[in-house]
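Worksheet: the structure to be examined is printed underneath.
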Protein chains: 2
Amino acid sequence: MLTYIAGSGAMGCRFGYQLFKAGKEVILLDKWEDHIKAIQKDGLKIVGDHEDCVHIPIMRPEEATQKADFIVLFTKAMQLETMLQSLKGIITDKTKVLCLLNGLGHEDVIKKYIPEKNILMGVTVWTAGLKGPGTALLTATGSVNLQSIDQSGEKEAMVFVDLLNEAGLKVTYDEDVVPSIWRKACVNGTMNSTCALLDCTIGEFFASEEALRVVDTIIHEFVMVGEATGVKLDEQAIKDYVMHTSVVAAGHYPSMHQDLVQNHRLTEIDYINGAVAKKGDSLGIPTPYCHMITDLVHAKEHVLKIQ
Amino acid sequence: MLTYIAGSGAMGCRFGYQLFKAGKEVILLDKWEDHIKAIQKDGLKIVGDHEDCVHIPIMRPEEATQKADFIVLFTKAMQLETMLQSLKGIITDKTKVLCLLNGLGHEDVIKKYIPEKNILMGVTVWTAGLKGPGTALLTATGSVNLQSIDQSGEKEAMVFVDLLNEAGLKVTYDEDVVPSIWRKACVNGTMNSTCALLDCTIGEFFASEEALRVVDTIIHEFVMVGEATGVKLDEQAIKDYVMHTSVVAAGHYPSMHQDLVQNHRLTEIDYINGAVAKKGDSLGIPTPYCHMITDLVHAKEHVLKIQ
């Protein structure tokens, strides 16, 4: 039973490491040359709650030749399609693919490459960081909720739920995972773009009533669009969840801040607020806040000459 | 004929200097202690297109005792009301007051202190900078358009048009100045808040199509609200004017960038996008872009702990 981790940044390293330590056959895939070389030479180093070093296989996606039983997608959103294209040679009609990317709309991309019965969509509250090439920072605990997007795939999916649980990843098969995916998108959609634009931590942003008005309006747009696509969402419960998260993560810079401000990399805005804006347009639902913040983040990418 | 410049920052220094050089009786008023002391000790220094130094009177507003014939208001928007309160003792029922502040809605404040027949509203394209306490940077040329808000004041207003023109300030009495005030507000409303948030020059911001979408939408909201208040505005002409200004001023950081980013001072956002948002609410016209950018700028003020 061979698992590939497609996209072995911080989260991919966590999942790969935990599977490897549980004795599962796992291969990391990534495109970051320094990261690949460091792990091939010295192993994947783990720091944080405990220290460890494991000699886990890692290669570029186009170097993978063994057929995949299971692929966990952990790319950046804008690299998803390229990754799936690179993996064509190892995907069979039995390969199950689990998407744990942040954001919305990824299933539309994945469906182009994988039959629906083999697609699992999920959401995780595990976290992880990279301390540099080859070194993952793992702290705290988390969980995963996932669901087969086609009911016919549910039974086979349980094999992979068990696999991940044997690696301690605390996975639940969720009969209705989509609202959780939207709820996490609301967290990202209220914190990532705003903290990236204002160059601040989550706690700094959530400290003013003006910021909270922006948060509420963005959540409202997400809920309007989500419900119009048939997802049942509880706006007040989502607001409570976002506020709770803002307290727990107050000292953190969200990942989009890391991308835009700290590393001058392109952001995932098109898959968060931008995805809601686009879906809203197609449904005739106005989403001015999502539109404006998407355009402002892209404008800032241009200012920083990020390509 | 005594003129006070109420608010003697960069623009106040320009107007005061030009009046003084033309032999007019003029007193600068300001609250910035270092600036007052520098000018009282060494005179007002002029650099830029030419160099000069003039010993022009300057004092705090509450120190002014001679009755005013003419007051030119050049405060920051949020200091306008405090300034008018400080000036009560020198205002007579003949004192003409000219408002050249950026932004919208100032006449509502001024009317609380000055009879309508004595209020002149205007707009200027003169520019100026401060190189530090007591030193004004004057380059290029400009003009002023102004109008008495009450027709009965027009004839008396001409005295002050002439006064300013004798100082080379290129003033035109404008039978319909309000559209020009809104047009300038559109320039400020598209450039100031955005460049302050994105920490960039006007040219850097206007370089992407995403930014231009934001610009167009903000202008549209200004035009909708302006027209609903009875101001005749040509949306396409305003867009052209804003685009032209963005080219001419491409290398500049707008004043709100100077306030928020460079000097960590409160911004005038409530008198630009915020004024349109507020007016839009009272008229039932949606202005989500103005609302959102006003709240984001205030959120950034909070992040920077500016009070």
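The table below gives the values:
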item	result
Flag if residue B:226 is under 22 Å from residue A:211 (Cα atoms), buried (at least 24 other Cβ atoms within 10 Å of the Cβ) and not hydrophobic (A, V, I, L, M, F, W, C)	no
The one condition in (1) within 12 Å of chain A (Cβ to nearest Cβ); (2) buried (at least 22 other Cβ atoms within 10 Å of the Cβ); (3) within 20 Å of residue B:80 (Cβ to Cβ) that residue B:296 fails to fulfil	(3)
3 or more residues without any contact (Cβ under 8 Å) to a residue 24 or more places away in the chain and within 14 Å of chain B (Cβ to nearest Cβ): qualifying helices (runs of 4 or more DSSP H) within the stretch A:167-233	A:209-228
Number of the exception - residue B:42 against (1) crowded, with 16+ Cβ neighbours inside 10 Å; (2) touching a residue at least 60 places away in the same chain (Cβ under 8 Å)	(1)
Test set (1) of a type outside the set (D, E, K, R); (2) within 21 Å of residue A:272 (Cβ to Cβ); (3) in contact (Cβ under 8 Å) with a residue 60 or more places away in the chain; (4) in contact with a helix residue (DSSP H, G or I) (Cβ under 6 Å, 6 or more places away or on another chain) - residue A:99 fails condition number	(3)
Those strands (runs of 3 or more DSSP E) lying entirely in the stretch A:1-69 with at least 2 residues among the β-branched types (Val, Ile, Thr) and modelled with pLDDT of 95 or more	A:2-6, A:25-29, A:44-48
Complete set of residues in the stretch A:271-290 that are surrounded by 23 or more Cβ atoms within 10 Å (Cβ to Cβ) and facing another protein chain (nearest Cβ under 8 Å)	A:289
Index of the failed condition, residue A:139 passing every other in (1) within 17 Å of the chain's Cα centre (by Cα); (2) farther than 25 Å from residue A:287 by Cα; (3) hydroxyl-bearing (Ser, Thr, Tyr)	(1)
Selection from the stretch B:51-61 of residues that are in contact (Cβ under 8 Å) with a residue 12 or more places away in the chain and either loosely packed, with under 14 Cβ neighbours inside 10 Å or among the β-branched types (Val, Ile, Thr) (or both)	B:54, B:55, B:56, B:58, B:60
Of the criteria (1) assigned to a helix (DSSP H, G or I); (2) over 15 Å from the mean Cα position of the chain (by Cα), which one residue A:114 fails	(1)
Number of the exception - residue B:292 against (1) under 14 Å from residue B:194 (Cβ atoms); (2) at pLDDT below 95; (3) of a type in the set (A, V, I, L, M)	(2)
Any hit, the stretch B:81-91, residues being part of a loop (DSSP other than H, G, I, E, B), surrounded by fewer than 16 Cβ atoms within 10 Å (Cβ to Cβ) and modelled with pLDDT of 95 or more	no
Any hit, the stretch B:258-273, residues being more than 27 Å from residue A:290 (Cβ to Cβ), of a type in the set (Val, Ile, Thr) and in a loop (DSSP other than H, G, I, E, B)	no
Index of the failed condition, residue B:239 passing every other in (1) part of a helix (DSSP H, G or I); (2) within 28 Å of residue A:205 (Cα to Cα)	(2)
Filter pass, residue A:75 being over 24 Å from residue A:139 (Cα atoms), in the same structural domain as residue A:169 (by the TED database), part of a loop (DSSP other than H, G, I, E, B) and touching a residue at least 24 places away in the same chain (Cβ under 8 Å)	no
Test: residue in the stretch B:191-200 that is surrounded by fewer than 21 Cβ atoms within 10 Å (Cβ to Cβ) and either at pLDDT 95 or above or not assigned by the TED database to the domain that holds residue B:98 (or both)	yes
The lone exception for residue A:164 - which of (1) among the aliphatic types (A, V, I, L, M); (2) within 14 Å of chain B (Cβ to nearest Cβ); (3) within 18 Å of the chain's Cα centre (by Cα) it fails	(2)
Test: residue in the stretch A:242-257 that is in contact with a His (Cβ under 9 Å, 6 or more places away or on another chain), surrounded by fewer than 22 Cβ atoms within 10 Å (Cβ to Cβ) and in a helix (DSSP H, G or I)	no
Residue match in the stretch B:299-306 (condition: facing chain A (nearest Cβ under 10 Å) and in contact (Cβ under 8 Å) with a residue 60 or more places away in the chain)	yes
Residue B:154 vs. criteria at pLDDT 95 or above, not in a loop (DSSP other than H, G, I, E, B) and not β-branched (Val, Ile, Thr)	no
The stretch A:229-244, residues that are closer than 15 Å to residue A:181 by Cα and not acidic (Asp, Glu)	A:229, A:230, A:231, A:232, A:233, A:237, A:238, A:239, A:241, A:242
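Here's the yes/no breakdown for (1) buried (at least 17 other Cβ atoms within 10 Å of the Cβ); (2) of a type outside the set (Lys, Arg); (3) in the same structural domain as residue B:38 (by the TED database); (4) within 22 Å of residue B:83 (Cβ to Cβ):
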{"residue": "B:103", "(1), (2), (3), (4)": "yes, yes, yes, yes"}
{"residue": "B:110", "(1), (2), (3), (4)": "yes, yes, yes, yes"}
{"residue": "B:118", "(1), (2), (3), (4)": "yes, yes, yes, yes"}
{"residue": "B:128", "(1), (2), (3), (4)": "yes, yes, yes, yes"}
{"residue": "B:134", "(1), (2), (3), (4)": "yes, yes, yes, yes"}
{"residue": "B:137", "(1), (2), (3), (4)": "yes, yes, yes, no"}
{"residue": "B:142", "(1), (2), (3), (4)": "no, yes, yes, no"}
{"residue": "B:151", "(1), (2), (3), (4)": "no, yes, yes, no"}
{"residue": "B:159", "(1), (2), (3), (4)": "no, yes, yes, no"}
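The values are calculated or read from the model by the stated rules, or taken from the named source; none is laboratory data. Remember, it's a predicted structure, so these values are computed and weren't measured experimentally. All Cβ positions, glycine included, derive from the backbone under ideal geometry; neighbour counts span all protein chains shown.
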